[in-house]
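Asks: The structure that follows is given in the form of structure tokens.
Rule-based calculations on the coordinates, nothing more; no lab input. A quick note: this is a predicted structure, and the numbers were derived from the prediction, not measured. Note that we place each Cβ from the backbone using ideal geometry, even for glycine, and neighbour counts take in every protein chain shown.
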Amino acid sequence: MDRVGASYDRAMDTMKSRLKANPVPIQLPMGSEDKFQGIIDLIEGQAYTYTTPTTIGNDSGFDHPEIGPVPDNYADEYEQYRQTMIEKIVETDENLMIRYLEGEEIEASDLKSALREATIQQQVVPVLCGTALRGKGIQPLLDAILEYLPSPLDVPPVEGTDPKTEEIELRYPDEEQPLSALAFKVMTDPFVGRVVFIRVYSGKVKAGQSVTNVSKGKRERMGRLLHMHANHREELEDVSAGNICAAVGLKDTFTGDSICTEEQPLILEPPQFPQPVISVAIEPATRADQDKLSDALKKLSDKDPTFLVNFNEETGQTVMSGMGELHLEILVDRMGREFNVDAHLATPKYPTEKLYSAYTCRRQVRGAEWGTANSDMLAGDKTSRTGRRNHF
């Protein structure tokens with residue numbers, strides 16, 4: 001709201017016209033641009049005024065607002081927006097609608113409950129306001145995420161395939177269910193080494209527990225379990241259904257792999273990633289960078305499923321593929337910053353073969369004999385095998 005030209009009403013109109021959404025304002029901004037002072041909670045009827053700045057890194061922010069009644073100069077606007085909000089919320093709940101039409105005052109707890117249910121059913125979109133750089137409205141936003149967005153208990157059970165019977169099986173977000181988890185990210189931490197981020201869909205996993213990577217058919221051991229908070233790590237003894245964690249010690253687990261117990265295996269559907277759209281060659285600046293380059297490429301490809309690396313034996317080039325030129329340039333920059341590798345991009349070479357389109361064979365057997373063969377090279381169909389050759 002502190003940007004030049006910021007408009008709360010225009011933002012909601014854009015949500016309707018472009019996103020075809022049904023926005024429900026649950027906050028009202030007090031001012032805009034450089035006069036943005038705070039927000040008004042339309043459900044609780046409280047004003048959050050940010051006047052005392054605190055330090056956020058090198059910038060000044062506003063973490064602790066002053067909470068008080070709605071200012072008199074915003075009273076009329078508050079009543080108008082609150083009425084609009086109540087009407088939109090009661091439209092999603094028949095019981096609330098009857099109470100509202102009978103003139104009954106709808107309590108804040110009932111409004112929150114109905115708004116949460118409508119949000120989970122994707123009937124409405126709660127709209128809040130603030131400014132990220134200065135921290136105004138961020139804490140109410142985090143509270144709204146907890147209050148209105150679905151928890152793991154609100155979503156349907158996860159589906160998976162039993163590798164033994166090939167049948168579809170459901171796993172519910174319950175600690176008493178068999179363990180089923182999915183690896184969704186791999187990274188290298190400078191302090192703990194290789195870290196695999198997993199989400200536990202059912203059951204519970206403990207630190208030091210032996211598990212099975214069903215996707216790879218290998219046994220793994222959960223070493224340490226961590227909660228990652230930026231540069232802070234919190235040791236965990238166990239992680240239950242609905243939570244995510246970082247696991248140390250999984251050597252053969254990559255993004256999209258399913259983790260469960262050996263007795264009750266289940267393969268979860270892995271995330272689908274787009275195929276790379278651009279390929280370039282990468283070359284080390286010096287011979288000393290060659291070994292470091294190979295190690296850096298392997299670690300980066302482990303972290304990023306959309307980044308592929310292969311070595312072309314015919315041209316002797318290392319070719320990397322990604323989602324665009326900027327994607328690859330950022331990866332090269334990371335090689336220098338994280339792995340101290342000096343490398344540059346180059347145009348990939350493509351191997352060619354000498355092909356004959358016409359040839360005459362002459363033989364001398366009691367007289368002159370000869371034969372002539374002509375061929376036309378045509379594009380193969382989608383079912384033809386790579387590398388197939390025609391012989392004449």
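Asks: Count charges around GLY336 for me, please; just the other residues with Cβ under 15 Å from its Cβ, Lys/Arg as +1, Asp/Glu as -1.
Replies: Charge balance in the 15 Å sphere: -3.
Asks: How large are Rg and Dmax for region 92-220 when calculated on the C-alpha trace, in angstrom?
Replies: Calculated on Cα positions, Rg and Dmax stand at 21.3, 64 Å.
Asks: Show me the trypsin sites (Lys or Arg not before Pro) within region 284-348 that DSSP assigns to loop and that have at most 10 other Cβ atoms within 10 Å of their Cβ.
Replies: Passing sites in region 284-348 are ARG287.
Asks: Let me ask something else about it. In the Gaussian network model of the chain, springs joining C-alpha atoms below 10 Å, which of THR255, THR161, THR315 carries the largest mean-square fluctuation?
Replies: The residue that fluctuates most here is THR315.
Asks: Hey, another quick one. Stretch LEU170-ALA230 to full length: gain in nm at 0.36 nm per residue minus the Cα-Cα span?
Replies: Separation in residues times 0.36 nm, less the Cα-Cα distance, equals 18.2 nm.
Asks: In addition: Short version: ³J(HN,Hα) in whole Hz for each residue of region 94-103, in order, from phi by Karplus 6.51 cos²θ - 1.76 cosθ + 1.60 (θ = phi - 60°), x for Gly and Pro, what are they?
Replies: 5, 5, 5, 4, 5, 5, 5, 5, 7, x
Asks: Also: 5 Å is the cut-off here: which amide hydrogens, built 1.01 Å from N in the peptide plane, fall below it relative to ARG194, excluding neighbours closer than 5 in sequence?
Replies: ASP189
Asks: What is the ratio of the Cα radius of gyration of region 246-331 to 2.2 N^0.38 Å, with N the residue count, to two decimals?
Replies: 1.35
Asks: Need one number: nm distance between label points at THR84 and LYS251, each 7 Å from Cα along Cα→Cβ, rounded to one decimal.
Replies: 6.1
Asks: Which whole-Hz ³J(HN,Hα) couplings does region 228-236 yield from phi under the Karplus relation 6.51 cos²θ - 1.76 cosθ + 1.60, θ = phi - 60°, glycine and proline marked x?
Replies: 9, 10, 6, 8, 10, 10, 10, 6, 10
Asks: How much net charge surrounds GLU262 when only other residues with a Cβ under 14 Å from its Cβ are counted (Lys, Arg +1; Asp, Glu -1)? Walk me through the numbers before you get to the answer.
Replies: On the way: positive: LYS164, LYS216, LYS218, ARG219, ARG221; negative: ASP162, GLU220, GLU263.
For residues surrounding GLU262, the net value is +2.
Asks: Could you compute the net charge surrounding GLY223? Neighbours are other residues with a C-beta less than 12 Å from the C-beta of GLY223; K and R count +1, D and E count -1.
Replies: That works out to +3.
Asks: Count neighbours as other Cβ atoms within 10 Å of each site's Cβ, and list the GluC sites (Glu not before Pro) in region 212-309 that are DSSP loop with at most 12 such neighbours.
Replies: GLU237, GLU262, GLU263
Asks: So in region 8-148, what percent of DSSP beta bridges are antiparallel if you round to the nearest 5?
Replies: Percent antiparallel among DSSP bridges in region 8-148 is about 85.
Asks: Given the DSSP H assignment, sum -39500 (n - 2.57) over each helix run of at least 4 residues in the chain and divide by its residue total; what's the result at 222 nm in deg cm²/dmol, nearest 500?
Replies: Value at 222 nm, helices only, nearest 500: -7500 deg cm²/dmol.
Asks: Length gain on complete extension for the stretch GLU314 to ILE330, per 0.36 nm per residue less the alpha carbon to alpha carbon distance?
Replies: Details: separation 16, 0.36 × 16 = 5.76 nm, distance 2.76 nm.
Between GLU314 and ILE330, full extension yields 3.0 nm more.
Asks: Moving on. Compute log10 of I(q)/I(0) for the chain with the Debye formula, placing one identical point scatterer on every Cα and leaving out solvent, at q = 0.06, 0.09 Å⁻¹, to two decimals.
Replies: -0.44, -0.85
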